[in-house]
1. Starting from 0 in steps of 5 Å, tell me what percent of the Cα-Cα pairs of segment 150-357 lands in each bin.
2. Using a simple spin-label model with points 7 Å from Cα along the Cα→Cβ vector, what separation in nm is obtained for T149 and A185?
3. So which GluC sites (Glu not before Pro) in segment 149-225 end up in coil per DSSP with only 12 or fewer other C-beta atoms within 10 Å?
4. Mind checking segment 171-215 for trypsin sites (Lys or Arg not before Pro) that DSSP puts in a loop (not H, G, I, E or B) and that have at most 11 other Cβ atoms within 10 Å?
5. Starting with the highest mean, order 239-245, 68-74 by the number of other Cβ atoms within 10 Å, averaged over the residues of each peptide.
6. Please give the contour-minus-distance gain from E238 to K24: 0.36 nm per residue of separation, less the Cα-Cα distance, rounded to one decimal in nm.
7. Assuming 0.36 nm per residue, please report the length gained on full extension of the stretch K137 to V14 beyond their Cα-Cα distance.
8. If you wrap segment 120-267's Cα atoms in a convex hull and average its projection over all directions, what's the area in nm²?
Amino acid sequence: MLLRVRSKMGTWRVEGVEPGTTIKALRSRILSEHGVSPHPSQVFSLDPAGKRVMDDEQTVKSFNLQHGDLVHLAIREEDCAHEAGKKIAADGSIVNKTHLEASRVKGFRPGMMSLRSMKMHWTLTDFVELDAQFEYKIKAQKNETPWCTKAIMEPICGNDFQSYMRRVGFNQCRMGYLYGQFTEAKEAKVEVLYEPPQESTHEGFELLEDPRAEKVEALAAALGLVRVGWIFAHPPREEGFVFSGLEVMQAAMGQLEAADGVKETPFVTVRVSLAPVEKAGGEDGKEGGKEEVATVAHFDAFQVSLQCMEMVAEGAIEPGPEPGAMLVNESFTAIVEGKPAPTVDVNFFLVNVPVGSAESSLLTHRFPKANRLDELPSAAAMAAQLGEAGKAGWRFIDLMSDFHLLLFLTDFLGMEEVAVLCRSVREKETVPLGAGHVDLLRAIAGME
């Protein structure tokens, strides 16, 4: 996989990283490739502040790092191999320049080494080709055709997600992963939605460590499903504010992972927002007036452009303080409407995707969802659900064909055993549940 490493020296792309690579080995490789002297203070972290330190003996996989992810490396300026130079301070003393100060004067671009530090001899063609790698001419995507021809939502899943948002007053952001299949027509057909642990605020969300992450992926695979996209909901925003920088990053990283690089993919982003509903007849009762009486949850879908994927993968853009805009890394140049710009409106990167709906023939969606404040997966909930067998046309196999119920069962059964259940879920008519499995499930639910 490819990882991006950010330090005071700039952002580096590290290709060919194996999931089993230790953090210590990754650091040794980077220091060697970029001529940085080793020092005990050089630690990796998952956040820019260096609070979430990555242990040397752990592997890339243990931190759930994916293709294109960004990590941070603390490097002292004096560890860098090149000479930064001197300057006269305000008190008249002669002091070393910082790496950033030196690179702004001598560097090929801010945060980068000088041309002479890269190689001794340059031609104009060499320079133009190198410079072009760090310049992006931003173009609007409004009339572009998306690679995903349609996002097909499972209606019960979608309604359940927006219902939860209503229960919390639509006053916080929330996200979830969408699992289903990519069709031959390049549609993203959603079968189920899983919401990982997260800290939600009015402005955004922060994903937390998920102890069920591997089980979720294994369960999805056992059901013949893959991650086809992600969904997020947010409180009402100002008109024209469609995506935040964080949401653009999440969309781009999802596409990069699904495509295994900067390539076309049907991976989709679904947004849930509130839209006002109006009816005829104003407060004065006269016809023709309009009065806002309610709101309805509105689903729309997007992809980010190939240019956005590339800029995220290269570390050229990142979320900034301005809502609805991406901050351009000073080592890069973004040309917007013919002029260099320090920020780029996210709307330049978005491509609209049509939205449809289709009920799942594979799964039911009745069991309480994990990681919600007002729902608790439990044996009692399982007993209540399975107890409906024989009523209103429900079969036992249909009631247990529930992703979240099966996920709950992974707390009691090994994945090999759950995979056997998943085969019966996929092939309900030809691979019936054995009597032993029925008795086992009833025992777990406390129904005996």
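Quick note: the coordinates plus some simple rules give every number you see, no bench work behind them. Since this is a predicted model, take the numbers as computed values, not measurements. Positions of Cβ are generated from backbone atoms using ideal geometry, with glycine treated the same way; all protein chains shown enter the neighbour counts.
1. Cα pair-distance distribution for segment 150-357, in percent: 1, 7, 14, 17, 18, 16, 11, 7, 4, 2, 1, 1, 0.
2. The two pseudo-label positions are separated by 0.6 nm.
3. Within segment 149-225, the qualifying GluC sites (Glu not before Pro) (loop, at most 12 other Cβ atoms within 10 Å) are E184, E203, E209.
4. none
5. Final packing ranking: 68-74, 239-245.
6. Net length gain for the segment: 72.5 nm.
7. 41.8 nm
8. Average projection, Cα convex hull of segment 120-267: 13.4 nm².
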